[in-house]
There are 2 protein chains.
Amino acid sequence: MTSTKHAPKAAPPRKARLSREVVLAAALELVDAEGVDALTMRRLGQELGRDPMSLYRYAANRAALLDGVTETVLEELTVFADDVDWQSQLRRMAHDLRRVALRHPNVVPLLVTRPLSTPLGLRPLAALRPLEQILDLLIKEGFAPADALHVYRAYYGFLYGHILNELQEYIVDPDENEAILRLGLHRLPANEFPRLRALGPVLADYNGETELDQGLSILLSGLAAQLARPHQNP
Amino acid sequence: MTSTKHAPKAAPPRKARLSREVVLAAALELVDAEGVDALTMRRLGQELGRDPMSLYRYAANRAALLDGVTETVLEELTVFADDVDWQSQLRRMAHDLRRVALRHPNVVPLLVTRPLSTPLGLRPLAALRPLEQILDLLIKEGFAPADALHVYRAYYGFLYGHILNELQEYIVDPDENEAILRLGLHRLPANEFPRLRALGPVLADYNGETELDQGLSILLSGLAAQLARPHQNP
DNA sequence: GCGTAAAGTCTACACCGTAGAGAAGGTGTC
DNA sequence: GACACCTTCTCTACGGTGTAGACTTTACGC
């Protein structure tokens, strides 16, 4: 037994200087691996080989830590600035967000939930950037600013909704998926849920990507029909 | 002073028999009034004038209690069974859900978040009823079952997204709203967020109901254009 | 009255976020 | 070297949490 100051409790791997980035990265890793509930100050401290209290240097409290995690995830979004038409641009950004969400499913609850407690104006920049981006895109395309805002809202609303939907249907093991589904549906009272029970097999195979794409087609064609007379139509 | 067994600590109002309904109602009241975090076993017990442990007769644990609360809220949805066309039916149901969400804003995070941990087949009946309802509606209208499912997904995705959006923009005091907004926008780097900063006044007045309605119009007209050729496609 | 099952309570434990005081470590000036 | 200073990190402690397990009280059929 070596004689360090006092016996190391777990496995403090290194003693490099901490930083907000390091802390947030470790926090994200923890959330990805074990869910939001696993992210406690004590646990994260242990993961970093530090006293839990040292974290307060880099985040005011646990809530701020969670906000930091969502911000980190949002920064994974790629910034597109292409000259393709606005519809395919929106498509690309949607798929991009979807991919990020699937990469960090445990963060999604934070993603949709944390902003509820922060007025729009006070959100982290990373959260506002997509909004600015889309507004810019649409206005350049000829939409009136107010219309661009409406479009953004419909679009982003749909997008968030889709991601929530998809994660709800998402189950890790597809084999188990069908079994659970069958089992679950079987439990439903036959007279009250005839449609759902009949849909069993169709429900089982779900492709989020094409589902998103189809939804976007619906939305975009609706947009075109409703108000795609940007000022004057070409 | 009457001589009860031992001095009542706070204000145990009565000693009627508990029941799951009573417990859930009290839990919902607490969440509505003070948010999800305020719903602790001890606090709820106190609210009911009972030992916290007695709650475990009516919910397996705190998580189950939260699920119960969302279920209770979903049961507030009115069941429409009218003969109007499917589009206005979908509109009605959307506004109904929106109203319920606004009545219980603190429950919305649970509403969108809890199902993430429960496979579709195992959700409470109240959560599946709208799905069944809409499937039935659409299939009766001539949609192929699989198409009905797609429509449902696009529709509900959009709806949930809208509700999240609206609650994010929702601020209690509209006067303060504009102030905060201005303040917040002012903070944004002018060169990075020109569009957003320019939209200040437009952002400030937000009408969720018409916003939802417009979004639905977009979606529904898109639906009509995309696949409103029920059964066989021309 | 009595027996039994349900409903409610008490105690205790491990864990949580975090306030506040202090120790350790790095860096600049003489 | 010595000293002062500021940042980073650690220690200790407090009041709160969910809930396991054993206990007591209540309700009710006979």
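Filter the range B:15-31 for residues that are surrounded by fewer than 16 Cβ atoms within 10 Å (Cβ to Cβ) and in a helix (DSSP H, G or I); which is farthest from DNA strand C (Cβ to nearest atom)? Checked the range B:15-31; the qualifying residue farthest from DNA strand C (Cβ to nearest atom) is B:29. Out of all the residues in the range A:67-75, is one or more open to solvent by 80 Å² or more (accessible area, probe 1.4 Å), part of a helix (DSSP H, G or I) and either modelled with pLDDT of 95 or more or away from DNA strand C (no atom under 11 Å from the Cβ) (or both)? Scanning the range A:67-75 turns up no residue that is open to solvent by 80 Å² or more (accessible area, probe 1.4 Å), part of a helix (DSSP H, G or I) and either modelled with pLDDT of 95 or more or away from DNA strand C (no atom under 11 Å from the Cβ) (or both). When residue B:97 is tested against (1) at pLDDT 90 or above; (2) at the interface with chain A (Cβ under 7 Å from one of its Cβ atoms); (3) under 19 Å from residue A:113 (Cβ atoms), exactly one condition is not met: (2). Taken together, B:114, B:91 contain a single residue that is of a type in the set (Lys, Arg), within 16 Å of DNA strand D (Cβ to nearest atom) and outside the structural domain of residue B:40 (by TED's automatic domain parsing), which is B:114. Output the residues belonging to the range B:205-220 that are open to solvent by 20 Å² or more (accessible area, probe 1.4 Å) and more than 7 Å from chain A (Cβ to nearest Cβ). Once the filter is applied, which keeps residues that are open to solvent by 20 Å² or more (accessible area, probe 1.4 Å) and more than 7 Å from chain A (Cβ to nearest Cβ), the range B:205-220 yields B:205, B:206, B:207, B:209, B:210, B:213.
When A:81, A:154, A:146 are checked against the criterion of being surrounded by fewer than 19 Cβ atoms within 10 Å (Cβ to Cβ), of a type in the set (A, V, I, L, M, F, W, C), modelled with pLDDT under 95 and in the same structural domain as residue A:219 (by TED's automatic domain parsing), a single residue qualifies: A:146.
Residues in the range A:49-62 that are over 25 Å from the mean Cα position of the chain (by Cα) and open to solvent by less than 80 Å² (accessible area, probe 1.4 Å) were compared, and the one that is farthest from DNA strand C (Cβ to nearest atom) is A:49.
In the range B:88-100 there is at least one residue matching the filter, namely being open to solvent by 50 Å² or more (accessible area, probe 1.4 Å), under 26 Å from residue B:210 (Cα atoms) and either out of contact with any helix residue (DSSP H, G or I) (no Cβ under 6 Å at 6 or more places or on another chain) or not charged (D, E, K, R) (or both). Of everything listed in (1) β-branched (Val, Ile, Thr); (2) modelled with pLDDT under 95; (3) open to solvent by less than 20 Å² (accessible area, probe 1.4 Å), the single unmet condition for residue B:2 is (3). Among residues of the range A:112-139 that are free of Cβ contacts under 8 Å to residues at least 12 places away in the same chain, those with a beta-carbon under 9 Å from a residue that is charged (D, E, K, R) and outside any helix (DSSP H, G or I) at least six positions away or on a different chain give the pairs A:125/B:192; A:132/B:192. Here residue B:84 meets each of (1) more than 23 Å from the chain's Cα centre (by Cα); (2) within 16 Å of DNA strand C (Cβ to nearest atom) with one exception, condition (2). Counting only residues that are in a helix (DSSP H, G or I) and in contact (Cβ under 8 Å) with a residue 12 or more places away in the chain, which one in the range A:35-48 is least open to solvent (accessible area, probe 1.4 Å)? Filtering first and then ranking leaves A:44. Any residue at all in the range A:128-135 that's closer than 19 Å to residue B:202 by Cα, at pLDDT 85 or above, acidic (Asp, Glu) and in a helix (DSSP H, G or I)? Within the range A:128-135, one or more residues are closer than 19 Å to residue B:202 by Cα, at pLDDT 85 or above, acidic (Asp, Glu) and in a helix (DSSP H, G or I).
Within the range B:101-122, the residues that satisfy the criterion of being open to solvent by less than 50 Å² (accessible area, probe 1.4 Å) and at pLDDT below 85 are B:115, B:116, B:118, B:119, B:120, B:121. Across the range B:39-57, the qualifying residues are those that are near DNA strand D (Cβ under 8 Å from one of its atoms) and of a type in the set (Ser, Thr, Tyr), and the one among them that is nearest to the other protein chains (Cβ to nearest Cβ) is B:40.
Residues that are within 18 Å of the chain's Cα centre (by Cα) and of a type in the set (A, V, I, L, M, F, W, C) within the range A:27-48 comprise A:27, A:28, A:30, A:31, A:33, A:36, A:39, listed in sequence order.
The values are calculated or read from the model by the stated rules, or taken from the named source; none is laboratory data. Remember, predicted model here, so these are calculated numbers, not experimental data. So basically every Cβ, Gly included, is an ideal-geometry build from the backbone, and we count neighbours across all protein chains shown. When the accessible area is computed, the model is the full protein with side chains, heavy atoms only, and any ligands, DNA or RNA have been set aside. Shrake-Rupley method; radii C 1.70, N 1.55, O 1.52, S 1.80 Å.
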